[in-house]
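Comments concern the structure below.
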Amino acid sequence: MVGLVTPAMNFLPGPAQTAAICLGIALPLLLLCYARIPGIRGAGSRFRIGCATAAALFAIACAVLPGERRIDDVAGGILLLATAMLLVYVFWGLLAWGFTLTLLTTLAQAGRPLTEEQWAAAYTQGGDIGKFARNRLKLLLGSGMVAVTGDTIAATSSGMAIARLARLVRLATGLR
Amino acid sequence: MMSFVVGIAGVAVFSVLARVMQSAARGTSPVAILAIAAILSHLASVALGIIYVPQFQYWSAASIFSFGVMSYVFVFGAVYKSVSLEVLLAVAGHPDRAVPLPYIVGHQVPEIFRGRIQILIESGLVEQIGSTFAATAAGERLAARIARLRRMFAIGDSGLYDFPD
C-alpha cells in the first residue's frame, strides 16, 4: 500500500456549486417562463436571455450566500453552470433548428404521404429546398465564413480556418 | 486543486476512449458511444481520485469533467451533422475555394436533404411508399412529442434560422 493514502472523499458540493446545480436544473424552467413572454421573440434570443439570467443569479448567489467563498467552490460552480448551459443548448438547438427532426415533424403534420418536392415545400412552409439552402447560407454569410460575388460563393480566410478546424475535429473524434 | 486535475485526467481518458470506440464500433450510435465513454472515464477518474488524492472533492472533479465532456459533445455535434458546415466544407474543399451558387442550391443541399430522408428511413421513423414518404407509427409518436415540447417552449416548427430581414 506504499504511495496510497487513506480514502477520504467529499461528495457534498460547496455552496456556490450547489447554487450552480440548482440553477442548471432551473434553466429549462426559466426558458419555459420566458416562453410565456411575447416580447421575447426567437429561440436564439430566448436562450441567451435565459443563460444571462442564470449567470446573474449565480453571481448574486455567490455574493449573498453566507460564509467565505472558496475559489475552488466558485470555479466548480461556474463550470457546472456552463455545463448545464451547453447541455440545454444541445437539446434547444435540436428542437429549434434540428433539420432531421423538423423533416419528421413536417411529414407527420402533413397527415398524408408526400413526394420529395411536397415534403421540401412543407418543410420550408411554401418555399422550396432553395429557400432552406439560402437560409443556411445566411448563417455562413452573416458569420463572415463565405462571401458571395455574383453567382459564386467563396470561402473567406476565416471560413477556410473553420473548415480546417472542422476536418481536424472530425479526424480527432473518429468521425472520419 | 488536485481534484480538478483528476477531472482533467478524466476528460483526457474520455477523449481517447471516445475516439477509439468511435472507430472500433462503426454502426453503433455515436451518441451511445459518447455516453458509454463518459460513464467509464468518469468512474475511472473518480476511482483514481479516491485512491490517490487526500480530501478528494468529488464535485470539483465532476465540474471540470462534465464541462470538458460537454464541450467535446458540443463540438462533436457541430461537426457531425451540420448542414451549414457541410456547405462550408464543400466550398472550402474546392480547388478555387469557390463554388457556383446554383450548385449549392440545386445540387448539394438537395443531396443533404435526401441523405437525411435516408437516415429517417433507416431509423424506422419514415417509410417510403412508391415515390412518396410517410411517417411510421414510431415516427408519429416522436413527432408528437417534439411538437408538444416546441409548443411548451414557444419554439416555432420551421427549423429555419430566424434572421432579421
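The values are calculated or read from the model by the stated rules, or taken from the named source; none is laboratory data. All figures in this text were calculated on a predicted structure; none of them were measured in a lab. In this analysis, Cβ positions are derived from the backbone assuming ideal geometry, glycine residues included, and neighbour counts consider all displayed protein chains.
Taking the criterion of being at pLDDT 90 or above, at the interface with another protein chain (Cβ under 7 Å from one of its Cβ atoms) and outside any loop (DSSP other than H, G, I, E, B), the residues of the stretch B:91-101 that qualify are B:91, B:92, B:98, B:99, B:100.
Which of the residues belonging to the stretch B:89-120 are within 19 Å of the chain's Cα centre (by Cα) and closer than 18 Å to residue A:102 by Cβ? Within the stretch B:89-120, B:112, B:113, B:115, B:116, B:117, B:118, B:119, B:120 meet the criteria. Scanning the stretch A:126-145 for residues that are among the aliphatic types (A, V, I, L, M) and under 27 Å from residue B:117 (Cα atoms), we see that the one that is nearest to the chain's Cα centre (by Cα) is A:139. Summed over the stretch A:102-116, residues that are out of contact with any Ser or Thr (no Cβ under 9 Å at 6 or more places or on another chain) and either outside any helix (DSSP H, G or I) or in the same structural domain as residue A:43 (by TED's automatic domain parsing) (or both) total 1. Taking residue A:83 and the conditions (1) surrounded by 17 or more Cβ atoms within 10 Å (Cβ to Cβ); (2) not assigned by TED's automatic domain parsing to the domain that holds residue A:29, which numbered condition does it fall short on, given that it satisfies the others? (2) is the only condition that residue A:83 fails.
Being in contact with a Phe, Trp or Tyr (Cβ under 8 Å, 6 or more places away or on another chain) and of a type outside the set (Phe, Trp, Tyr) is the filter; apply it to the stretch A:122-143 and report the residue that is surrounded by the most Cβ atoms within 10 Å (Cβ to Cβ).
For the stretch A:122-143, the residue satisfying everything is A:136.
Of all the listed residues (A:92, A:119), the sole one being touching a strand residue (DSSP E or B) at 6+ places or on another chain (Cβ under 8 Å), surrounded by 18 or more Cβ atoms within 10 Å (Cβ to Cβ) and assigned to a helix (DSSP H, G or I) is A:119. In this structure, does residue B:104 turn out to be surrounded by fewer than 18 Cβ atoms within 10 Å (Cβ to Cβ) and at the interface with chain A (Cβ under 7 Å from one of its Cβ atoms)? When the stated conditions are applied, residue B:104 does not pass them.
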